[in-house]
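Remarks on the structure that follows.
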Amino acid sequence: MAGEVMLESFLDACPGIYFVASPEGVITKANQEAAYAFGEHGAEGRSLLEAVHPEDRGDFQALWSRLPEDGKALRAVSRLRGADGRDQAFSWSARRVKEGSEIHAVLLPAAPAPAVQPSEKAPERILRMLLDNLEIAVSVVDRNGYCTLNEGKSLTTSGLGQNFNLGKCLLEAYAHDAVILENVERALRGEDRHYIVEAHGVLWENWFSPVKDENGEVIGAIGLSFDKSESKRAMQELQNRLNLIERQQEVIRNLETPIIEVWDRVVTLPMVGVVDSARAARVMDDLLTAVSRQSARYAILDLTGVEIVDTATAAHILSLISAIRLLGAEGIITGIRPTVAQTVVSLGLDLSRVITCANLREGLRLCIRRMHAQATADASVGTLV
């Protein structure tokens, strides 16, 4: 009996919060410190889980329910509501009694994390890290335009070197460069400036902002510069590639419509592959231009390389023949393959008014015979006159 009295006296004098609870978390015994800390929430018969913050309750209950049977303690930190109604973090340790169901728990207020005091050197370290690692250059000038700071990785990578403009009056050093001079002057007059300029063989993108004192008077300016030379080279390389692709496309277009003058006033257009709407438009433009420019009498469309003809392709070809006639020339189709002929017939297309020949050679012979016959007839008319 005396031992129990001494134990209770010891627990009440203990500065820690002491609970004895059931596996379900119901408090069966608590010391005086628990009453001070949790008030009615720490009274016997109350559930310890009621004091646990709702967001921490799941983890708390999970740990509580899996306390080892061998009496090994588990430790965690949870937020519990105190007697003043405020939540506070507590570090707690719980142990299941060997060969019993009671759980003994001790709680101590968790020490708050020490406040991080900002270092007076932190801004300087941050600025130094930025200057040493980013492709930038920073310039500071006073109200008279003299450079008091000129540092940054871009000064090194561009070959100019650190402190390139240090001690120089930018208004004098760049008097020959109207862009730099104007923007520095306007920054010193209180304007924010953004401009791109090429200087010392480097393309710079610059931001200049005025620095003002407590009275609003400009006392200098700060400039931030980015080396854009690599971007310029990349853009130039891209433009060169685009120009090359455009030239290649022009060559391909010319190969698609290789108009050849095979005889005096006779042009031919070998067609290969599928003739879609876009290609048909290019073919028509190029062929009609050639017929008009060369005053051609005959235009031969050689379809030897065309393996498939659908309604749209045939319509394009007939439209081309009609357009040639409007220019006073005659269109001749050569090289129709058997499969293409079968397709044309099955589509029901009318080619009765279109001159066709077996191949390009026969088409050229036809043109020569007709021109010879025309020349003979013109000569006879001239003799009779």
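Scanning segment 326-367 for residues that are loosely packed, with under 15 Cβ neighbours inside 10 Å, of a type outside the set (D, E, K, R) and not in a loop (DSSP other than H, G, I, E, B) turns up LEU326, PRO338, THR339, ALA341, GLN342, VAL345, SER346, LEU347.
Could you count how many residues in segment 287-316 are under 14 Å from THR268 (Cα atoms) and in contact (Cβ under 8 Å) with a residue 24 or more places away in the chain? Result for segment 287-316: 17.
Checking each residue in segment 298-318 for being closer than 22 Å to PRO258 by Cβ, open to solvent by 60 Å² or more (accessible area, probe 1.4 Å) and not in a strand (DSSP E or B) picks out GLU307, ILE308. Does segment 164-179 contain any residue that is over 33 Å from the mean Cα position of the chain (by Cα) and among the β-branched types (Val, Ile, Thr)? Checked against the condition, which is being over 33 Å from the mean Cα position of the chain (by Cα) and among the β-branched types (Val, Ile, Thr), segment 164-179 yields no hits at all. Just for segment 87-143: of the residues that are farther than 30 Å from GLN162 by Cβ and among the basic types (Lys, Arg), which one is modelled with the lowest pLDDT? Per the criteria, the residue is LYS98.
Filter segment 28-68 for residues that are of a type in the set (Asp, Glu) and within 22 Å of VAL97 (Cβ to Cβ); which is most open to solvent (accessible area, probe 1.4 Å)? Checked segment 28-68; the qualifying residue most open to solvent (accessible area, probe 1.4 Å) is GLU44. Candidates in segment 216-234 are the residues that are hydrophobic (A, V, I, L, M, F, W, C) and open to solvent by 40 Å² or more (accessible area, probe 1.4 Å); of these, the one that is farthest from VAL202 (Cα to Cα) is ILE219.
Under the condition of being open to solvent by 10 Å² or more (accessible area, probe 1.4 Å), at pLDDT 80 or above and among the aliphatic types (A, V, I, L, M), the residues counted in segment 272-295 number 2. Looking at this structure, is GLU172 in contact (Cβ under 8 Å) with a residue 24 or more places away in the chain, out of contact with any helix residue (DSSP H, G or I) (no Cβ under 8 Å at 6 or more places or on another chain), among the acidic types (Asp, Glu) and assigned to a helix (DSSP H, G or I)? Taking the combined requirement at face value, the residue satisfies it. Screening GLY25 against (1) open to solvent by 70 Å² or more (accessible area, probe 1.4 Å); (2) within 56 Å of the chain's Cα centre (by Cα) leaves a single unmet condition, (1). When the strands (runs of 3 or more DSSP E) confined to segment 199-271 are screened for residues that are farther than 30 Å from GLY152 by Cα and not hydroxyl-bearing (Ser, Thr, Tyr), those reaching at least 1 such residues are found at 260-263.
The values are calculated or read from the model by the stated rules, or taken from the named source; none is laboratory data. This structure is a prediction, so every number in the text was calculated from the model and none was measured. Counting neighbours? That spans all protein chains shown, and the Cβs are built from the backbone with ideal geometry, glycine included. For accessibility, only protein heavy atoms count, side chains too; no ligands or nucleic acids. Shrake-Rupley method; radii C 1.70, N 1.55, O 1.52, S 1.80 Å.
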